């Protein structure tokens, strides 16, 4: 396997883990997926696949969802390559994905086409440029459902307009520990953005990972949406850094980080939740220079240790206890 | 069914999530769905915000029987399911949708990118001419333009 996108590290990566851009498009000649028969879904898959495969410089792998196992599909969702909704029903759906997983295209989810570009670190301009280029090339081959007044049409009115969402995954352990996170979530929602747990939501956000995205798509240009997100991201990152300065004034923070590191290095069984709690502290220690570990290793572990993904790494189904044991073993190997 | 977050209101939003290695469904009321960040079509990037949209829909319209000529969906179905059936639905239900779109997005007119498909541009151009013709009450031209748009959109989208 070639290197995946998350094995790189990017700008602002003490706080910003990754950036993604999603674009929703529908073919004008067909009803939206909710109103589309299975044979027509397969036709849409063929038509879009042909257009995608004609794009120069990219090589996509095509998979029909129904040919994949449940664990394979859920693993794709854990790696944020498909949505949980996409994973929950497989008939008539397909996925096109580049080898490094940085570009993925869901077919017949809520829209005929859901394009995603994902890059490490803080790279909204670059991610949008790539998504925009692919959208342009597809648009030469496919006639998209578009209305002069409402923009790109989708069965879901919340995606009208640009049909574009830009998001960043932020690591905010200090804002969580200083209890600022909930008021910041409320603040960003007033600015037309949303912030929620990247793994589990609300108070239950695992690993202190949060996804910040624009919610409004109609009446705002792609450029403005990207610029807004950039500006809010940089403000949140500055606040997180200030909060880190605060919590590092106490020896308790450094102590918690090294205890977490110790448990990860020596434990014999570990649940996903415990792993996410500990790896968050270790990531904080790593970007602080306390622990000699690069962020790419941390990000890779966060992806690989999720329940379905870890089960895929062995050739048989694992029960929860076996998974927890294997997880502890893999973490020890990675950190030794 | 009650909302799984607050346990008080009826759950109207049903979302798919990945929990411990399998896809699970969560049931939330519109308020909790919003406060948990599920207020848009891409959240998480899960969908199924239909219930949320239905809650936002301005009630009291007496046009529930209005039916889309493209896919047969009625306004009633759009309101209860929160989803439109095809591109033509947006023409059919446009007036009914605009107030709700303003509540959702704050605005109801697209700014930003346009498709560069040659046929798409032609259809858009013809639609503008059609609007002008209707405004001038030139119905003969309007009928011709409508037929031409119909032909363009009926056999479009296959990229050939």
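What follows is calculated from the coordinates using simple rules that are stated; it is not laboratory data. These figures come from a predicted structure and were not determined experimentally. A quick note on method: Cβ atoms are made from the backbone with ideal geometry, for glycine too, and the neighbour counts reach across all protein chains shown.
Listed values, structure above:
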item	result
Neighbour-count order for B:107, B:16, fewest beta carbons within 10 angstrom listed first	B:107, B:16
Convex hull volume per residue in cubic angstrom - Cα atoms of the protein assembly as shown	144
Among beta bridges that DSSP assigns inside the protein assembly as shown, antiparallel share in %, nearest 5	95
Tail beyond 20 Å, pair distance distribution of segment A:1-129 (Cα, percent)	45
10 Å Cβ neighbours from other chains, averaged over peptide B:78-86	5
Ellipsoid semi-axes in whole angstrom, largest first, where each is sqrt(5λ) of the Cα gyration tensor of segment A:251-334	24, 13, 9
Shielding by partners - mean other protein chain Cβ count within 10 Å, residues of A:183-196	2
B:145, A:281 arranged by Cβ crowding within 10 Å, fewest neighbours leading	B:145, A:281
D_trans [Stokes-Einstein, Kirkwood Rh over alpha-carbon pairs] for segment B:83-148, 37 °C, 0.692 mPa s, µm² s⁻¹	237
Expected 222 nm ellipticity per residue - DSSP helices of 4 or more, -39500 (n - 2.57), all of chain A, to 500	-14500 deg cm²/dmol
Whole-Å distance, taken between Cα centres, linking segment B:69-88 and segment A:146-189	26
Packing-based order for A:125-133, A:305-313, A:16-24, using average beta carbon neighbours within 10 Å, highest first	A:16-24, A:305-313, A:125-133
Ordering of A:152-165, B:84-97 by burial proxy (mean other Cβ atoms within 10 Å per residue, highest first)	A:152-165, B:84-97
Inter-chain shielding of A:217-225 (mean C-beta neighbours from other protein chains, 10 Å cut-off)	5
Cα centroid separation - segment A:213-229 against segment A:298-333, whole Å	37
Tilt relative to chain A, helix A:124-141 - C-alpha long axis, 0 to 90 degrees, to 10	20
Spherically averaged projected area in nm², based on the convex hull that wraps the Cα atoms of segment A:16-244	12.2
Cα long-axis angle, helix A:251-266 against chain A (0 to 90 degrees, to the nearest 10)	70
